[in-house]
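Have a look at the structure below, then the notes.
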Amino acid sequence: SEPIRVLVTGAAGQIAYSLLYSIGNGSVFGKDQPIILVLLDITPMMGVLDGVLMELQDCALPLLKDVIATDKEEVAFKDLDVAILVGSMPRREGMERKDLLKANVKIFKSQGAALDKYAKKSVKVIVVGNPANTNCLTASKSAPSIPKENFSCLTRIQPKHS
């Protein structure tokens with residue numbers, strides 16, 4: 001079958017790193033589904049991303065037809081079948097929730113607009129980056145040509161450990 005184009009954002013981060021092998025080995029999209037894996041991260045992370053790219057190449061996963069590492073949205077979002085939006089601004093010590101929301105709105109507006117402009121209209125979008133529900137809504141509103149039912153987010157209440 002034809003390869004599907006799968007984007008993972010924040011690809012140099014720990015959460016994305018833990019997903020990439022499962023995507024490449026067929027655990028996510030099936031053992032018969034070839035994949036073109038697109039890795040997006042911010043420019044300062046490109047050195048780390050190059051290391052991730054080399055590790056994936058070393059795995060020699062037969063379903064991975066190509067792996068593209070980039071910091072450019074126009075490259076990352078082109079002709080996508082699936083977008084897994086992991087990258088987001090983490091909440092830092094002393095940061096107020098409104099500052100976190102403002103930073104993430106900027107990221108997910110931009111990514112939503114890139115989905116709208118470059119991705120297939122049938123693209124399936126999974127938002128992982130927190131606050132996932134707000135980020136998902138922001139991305140979907142910024143991608144009016146993509147059906148709302150194609151957007152989903154992963155959330156889980158994390159109990160505070162004392």
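At 222 nm, what helix-only mean residue ellipticity would the chain give, in deg cm²/dmol to the nearest 500, using -39500 (n - 2.57) for each DSSP H run of four or more? Result for the chain: -11500 deg cm²/dmol, rounded to the nearest 500.
Pop out the carbon and sulfur fraction of the accessible area of segment 4-153 as a percent, whole number, probe 1.4 Å. Intermediate results must be reported in sequence, preceding the final value.
Details: 4290 of 7640 Å².
After summing per-atom areas, the C and S share lands at 56 percent.
Just for segment 4-153, what percent of DSSP beta bridges are antiparallel, to the closest 5? Close to 0 percent. Placing unit charges on the Cβ atoms of the charged side chains and taking the dipole of segment 4-153 about its Cα centre, the candidate lying farthest along the positive direction among Leu80, Phe108, Gln33 is Phe108.
When both segment 32-111 and segment 9-31 are represented by their alpha-carbon centers, they are found 11 Å apart.
Going down the table (Lys72/Lys120; Lys102/Lys148; Lys65/Lys121; Lys98/Lys141; Lys31/Lys72), which pairs top 26 Å between alpha carbons?
Values: Lys72/Lys120 17 Å; Lys102/Lys148 22 Å; Lys65/Lys121 23 Å; Lys98/Lys141 19 Å; Lys31/Lys72 30 Å.
Exceeds cut-off: Lys31/Lys72.
Take Arg5: with every protein chain present and a 1.4 Å probe, its accessible area is about 50 Å².
Checking Cβ-Cβ separations below 4.7 Å across the chain identifies Cys59 as cysteines lacking any candidate disulfide partner. Among the GluC sites (Glu not before Pro) in segment 40-94, those placed in a DSSP loop whose Cβ has at most 10 other Cβ atoms within 10 Å are Glu93.
Any idea what the relative contact order of segment 64-162 is, in percent, if you count C-alpha pairs under 8 Å spaced at least 6 apart? Once normalised by length, the contact order is 30 percent.
Mind putting a number on the dipole of the chain about its Cα centre? Charges go on the C-beta only, +1 for Lys and Arg and -1 for Asp and Glu, and I need it in Debye to the nearest 20. Show your work: numbers first, answer last.
Working: 20 positive and 17 negative charges, 164 e Å.
Roughly 780 debye for the chain.
Other residues with beta-carbon under 12 Å from the beta-carbon of Pro3 carry, at +1 per Lys or Arg and -1 per Asp or Glu, a net charge of -3.
In the context of the full set of protein chains, the chain has a per residue accessible area of 57 Å² (1.4 Å probe). With a cut-off of 14 Å between beta carbons, the residues surrounding Pro144 carry a summed charge of +3, where Lys and Arg count +1 and Asp and Glu -1. Considering only alpha-carbon pairs that sit under 8 angstrom and 6 or more positions apart, the relative contact order computed for segment 4-153 is 24 percent.
The values are calculated or read from the model by the stated rules, or taken from the named source; none is laboratory data. Here the structure is a predicted model, which is why all the values come from computation and not from measurement. With ideal geometry, Cβ positions are generated from the backbone for all residues, glycine too; neighbour counts draw on all protein chains shown. All accessible areas refer to the heavy atoms of the entire protein, side chains included, with ligands and DNA or RNA removed. Shrake-Rupley method; radii C 1.70, N 1.55, O 1.52, S 1.80 Å.
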